[in-house]
Amino acid sequence: MKGMQKIKRGRSFMKLKSYCVSHDNGHRIGGNATIREMIAAANQRKDIQKPVWHSSLRLPEGETISDEKWNLIATEYLHELGFSESHPFEIIKHESKEGEHVHIIASRVGMDGKIYLGQNENLRSTKIVAALEKKRVDGHQQHEILKIQSGQKNHKV
């Protein structure tokens, strides 16, 4: 794994979603909420200046997994980081020449108004992904192919 995952925080769910679906055949494959529901959750806590949370997970070039497995991996990743069931999120898949990957868009504000603080999340993210790489996702194959996306283009959210 190269470098640290760059988890980003921002202000606009709509801008981030627009970015995620505007290239590399970006399309929703899962999550537990829509962008509108994330906005509604964030609006409960106007004191949170950056309610948008964004991260991504990437496979090596040429590797693919099913949308169902991506959903399981992304959901487990969020839960291991400390997001609860009440935190709305969406998973957007890209199929680029550099490798299949997903963007995870989440609200730091849960539907119950509780805040995800994300202390030491870059370090924790690296450790969680390393554990996910080793975990079996089906009866025969280890999920050693999952790699954190590093060097993502900078964009404002």
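Remarks
- Residue pairs whose Cβ atoms lie under 6 Å apart, sitting 6 or more positions apart in sequence or on different chains, and linking a residue in segment 103-117 that is free of Cβ contacts under 8 Å to residues at least 40 places away in the same chain to a partner that is surrounded by 15 or more Cβ atoms within 10 Å (Cβ to Cβ) and in a loop (DSSP other than H, G, I, E, B), are Asp112/Ser86.
- All positions within segment 29-59 that are over 20 Å from Ser86 (Cβ atoms) and at pLDDT 95 or above: Ile29, Gln49
- Test: residue in segment 3-18 that is buried (at least 21 other Cβ atoms within 10 Å of the Cβ), among the hydrophobic types (A, V, I, L, M, F, W, C) and either over 11 Å from the mean Cα position of the chain (by Cα) or farther than 21 Å from Val129 by Cβ (or both): yes
The values are calculated or read from the model by the stated rules, or taken from the named source; none is laboratory data. Note that the structure is a prediction, hence the values are computed from the model and not measured. Glycine also receives a Cβ, built like all others from the backbone with ideal geometry; neighbour counts cover every protein chain displayed.
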